[in-house]
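Asker: Sharing a structure, written as structure tokens. Questions coming.
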Amino acid sequence: MNPHLTIKSVLETELPLLRDLAEETFVGAFGPVNTPENMHQYVSNTFAMEQVRASFQQEGATYFFGWKDGEAIAYLKLNEGAAQTEGDLENALEIERIYVKATHQGQNIGQQLLAFALHKARQTHKSWLWLGVWDQNKAAIRFYERHGFSTFGQHEFYLGSDFQNDLLMRLKL
């Protein structure tokens, strides 16, 4: 199944929907492989409405929903300039978040969001599209490698009190 996705910018009035979708998809993806305590600590901070609003309003950050049959089933966060989580990447666009509801996994939704991000990067004449992915998320790493991304570094990430490592992957445009 390959449902066509309608991708639209998130509106400020849609922040509660974004917050709920972000929490649902993050917990669905990482809850089973992390402790409930660490998940609670991370989720209660990262997906608090004040934090979601601050992230939404940050200059250079843009959120998009993926809509299917009137339902927001996925979202994407792109960062450029100072909004990027790694500060020394010039003329690059970062995919900070790309999440799909569990009920729609395996339906080419992630690929459509990635194609959209590639289009945005090319449209703004970026040299690189890049992202960070947890080094234990082998399926995501394979997905990005299949699409031409390669590892160029790493950074530390804390999920609650658990130290984790993200691989930094990029695609030259």
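Asker: In this structure, is W67 in contact (Cβ under 8 Å) with a residue 40 or more places away in the chain, in contact with a strand residue (DSSP E or B) (Cβ under 6 Å, 6 or more places away or on another chain) and over 21 Å from E24 (Cβ atoms)?
Answerer: It is false that W67 is in contact (Cβ under 8 Å) with a residue 40 or more places away in the chain, in contact with a strand residue (DSSP E or B) (Cβ under 6 Å, 6 or more places away or on another chain) and over 21 Å from E24 (Cβ atoms).
Asker: Testing E94 on (1) in contact with a strand residue (DSSP E or B) (Cβ under 8 Å, 6 or more places away or on another chain); (2) within 22 Å of T151 (Cα to Cα); (3) surrounded by fewer than 19 Cβ atoms within 10 Å (Cβ to Cβ), one condition comes back false. Which one is that?
Answerer: It fails just one condition, (3).
Residue-wise test of (1) among the acidic types (D, E); (2) free of Cβ contacts under 8 Å to residues at least 24 places away in the same chain; (3) at negative phi.
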site: E94; (1), (2), (3): yes, no, yes
site: R97; (1), (2), (3): no, no, yes
site: N108; (1), (2), (3): no, no, no
site: A117; (1), (2), (3): no, no, yes
site: D135; (1), (2), (3): yes, no, yes
site: Y144; (1), (2), (3): no, no, yes
site: L167; (1), (2), (3): no, no, yes
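Asker: Here is a further query. In the list Y42, Y75, Y63, which residue meets the criterion of being of a type in the set (F, W, Y) and under 17 Å from L159 (Cβ atoms)?
Answerer: Y42
Asker: Let me ask something additional. Which condition breaks for Q105 when tested against (1) closer than 18 Å to G31 by Cα; (2) in contact with a strand residue (DSSP E or B) (Cβ under 7 Å, 6 or more places away or on another chain)?
Answerer: Status for Q105: all satisfied but (2).
Asker: Please enumerate the residues belonging to the range 4-30 that are more than 24 Å from Q57 (Cα to Cα) and either under 16 Å from the mean Cα position of the chain (by Cα) or surrounded by 14 or more Cβ atoms within 10 Å (Cβ to Cβ) (or both).
Answerer: L5, G28, A29, F30 - these are the residues of the range 4-30 that are more than 24 Å from Q57 (Cα to Cα) and either under 16 Å from the mean Cα position of the chain (by Cα) or surrounded by 14 or more Cβ atoms within 10 Å (Cβ to Cβ) (or both).
Asker: Taking the range 141-165, which residues are buried (at least 18 other Cβ atoms within 10 Å of the Cβ) and either charged (D, E, K, R) or outside any loop (DSSP other than H, G, I, E, B) (or both)?
Answerer: Within the range 141-165, Y144, L159 qualify.
Asker: While we're here: For the range 50-85, how many residues meet the condition of being modelled with pLDDT under 95, assigned to a loop (DSSP other than H, G, I, E, B) and in contact with a Gly (Cβ under 8 Å, 6 or more places away or on another chain)?
Answerer: 1
Asker: Here's something else I'd like to know. Do we have any residue at all in the range 125-132 that's surrounded by 13 or more Cβ atoms within 10 Å (Cβ to Cβ) and farther than 23 Å from F56 by Cβ?
Answerer: Yes: the range 125-132 contains one or more residues that are surrounded by 13 or more Cβ atoms within 10 Å (Cβ to Cβ) and farther than 23 Å from F56 by Cβ.
The values are calculated or read from the model by the stated rules, or taken from the named source; none is laboratory data. Note that this is a predicted model, so its numbers are computed, not measured. Cβ: placed from backbone, ideal geometry, glycine included. Neighbour counts: every protein chain shown.
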